[in-house]
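Report on one structure; see the data block that follows.
The values are calculated or read from the model by the stated rules, or taken from the named source; none is laboratory data. The structure presented is a predicted model; accordingly, all values stated were derived computationally and were not measured. Note: ideal-geometry Cβ built from the backbone for every residue, glycine included; neighbour counts use all protein chains shown.
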Amino acid sequence: MKKHAIFAVLGLFLVSSMWGNTNCKSLRRLYDIDNEEYFAGRLPKDTEIRAVKTKEDVLAQTSYENNHFIITYNTQYNMGQDHEHLVLYHEECHIVTWQSNTESTQHPKEWKNCMRRLKIIGAFDNILFEDFR
Ligand SMILES: [Zn+2]
């Protein structure tokens, strides 16, 4: 291996260890695909996906700031792509049921029904069975 290739690999490793492996761009692409396939375009198109390392005990969270939704992944858990996609479904359901949130629960029956519907229509299948053809 040439020297500059070694530095490139080292650089990639340093960058990925600083920000985790969460790829916001590819998650944003998945969000658009999910929106088409499972939400009939009801998810807003201007949702932002961020990755931040926090000590909070959450895998990800959705917030509504400056007139758009932000899904923030917690990179301390380094979940891997499949788990990140499952978490994305969780957050997508938060977005489509946002109005149903109350002070007592952030997972109202509307949110649970959204996740159940995704399960029934097979949204999880490609994640659970992809490698087992
Ligand atoms: Zn939640």
Residue in segment 38-59 that is within 14 Å of the ligand (Cβ to nearest atom), at pLDDT 95 or above and in a strand (DSSP E or B) present: no
For His85: the one exception among (1) surrounded by 19 or more Cβ atoms within 10 Å (Cβ to Cβ); (2) of a type outside the set (A, V, I, L, M, F, W, C); (3) under 20 Å from Glu56 (Cβ atoms); (4) more than 11 Å from the ligand (Cβ to nearest atom): (3)
Which condition does Val96 not pass, out of (1) within 13 Å of the ligand (Cβ to nearest atom); (2) more than 22 Å from Asp125 (Cα to Cα); (3) not charged (D, E, K, R), if it passes all the others? (2)
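Looking at segment 113-121, is at least one residue polar (S, T, N, Q) and modelled with pLDDT under 90? Please lay out each step first, then the result.
Taking segment 113-121 as the starting set, the residues that turn out to be polar (S, T, N, Q) are 113.
So of that shortlist, the ones also modelled with pLDDT under 90 come out as none.
No - not one qualifying residue is present in segment 113-121.
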Evaluate segment 73-80: report whether one residue or more is within 14 Å of the ligand (Cβ to nearest atom), more than 20 Å from Phe39 (Cβ to Cβ) and under 18 Å from the mean Cα position of the chain (by Cα). yes
